[in-house]
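Read through the structure below, which is laid out as structure tokens, and then see the notes.
What follows is calculated from the coordinates using simple rules that are stated; it is not laboratory data. Because the structure is predicted, anything quoted here is derived from the model rather than measured. Reconstructed Cβ throughout: ideal geometry from the backbone, glycine too, with neighbour counts over all protein chains shown.
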Amino acid sequence: MQYAILCYHQEDVVGSWSKEHDDAVMAKLMVVQERLVKQGRLGPVARLLPTTAATTLRKDSDPPLVVDGPFAETKEQLLGFYIVDCSSLDQALETARELAAANPGGAYEIRPIGYFAPNGGAK
């Protein structure tokens, strides 16, 4: 089963890192990512641009409303994600723990992924 590991952190904290600190964190994360690649378990990985670049489509109005920025006001923001192939939730948690050791702070939300084919059927 594939799991999404959603990466949350305080955007202002991460945004204030020096290039050297950011590069060091990314190098530690690459060690974990390279191992997952060798195991054939790593899917797409994305680092999202800041929430100041976000646009939100509010679906609960007619017509839907488009607003600048993220709608939710939270202490931590979604900053990126990993897609990993894991045999169980326990293995997904272990992978998240390894990523957390490389990049402390914030939180990882682990969620199983359900796929849907373009024709509407489950994949």
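Please sort 110-116, 7-13 by packing, taking for each peptide the average over its residues of neighbouring beta carbons within 10 angstrom, highest first. It would help to have the intermediate numbers written out before the result.
Values: 110-116: 10.9, 7-13: 17.0.
Top to bottom by mean Cβ count within 10 Å: 7-13, 110-116.
Note down the magnitude of the dipole of the chain about its Cα centre, charges +1 on Lys and Arg C-beta and -1 on Asp and Glu C-beta and zero elsewhere, to the nearest 20 debye.
With Lys and Arg at +1 and Asp and Glu at -1, about 420 debye.
Determine ³J(HN,Hα), in whole Hz, for all residues of the range 93-108 in sequence, where each value follows from phi through the Karplus function 6.51 cos²θ - 1.76 cosθ + 1.60 and θ = phi - 60°; x replaces Gly and Pro.
Coupling constants for the range 93-108: 5, 5, 4, 5, 4, 5, 5, 5, 5, 7, 9, x, x, x, 8, 10 Hz.
State the answer as a single residue: which of Met30, Gly40, Gln10 lies farthest towards the positive end of the charge dipole of the chain, with beta carbon charges of +1 for Lys and Arg and -1 for Asp and Glu, about the Cα centre.
Farthest along the dipole direction, towards plus: Gly40.
Which of the following values of percent of Cα pairs over 18 Å apart was calculated from the structure shown: (i) 53; (ii) 60; (iii) 50?
It is the one labelled (ii).
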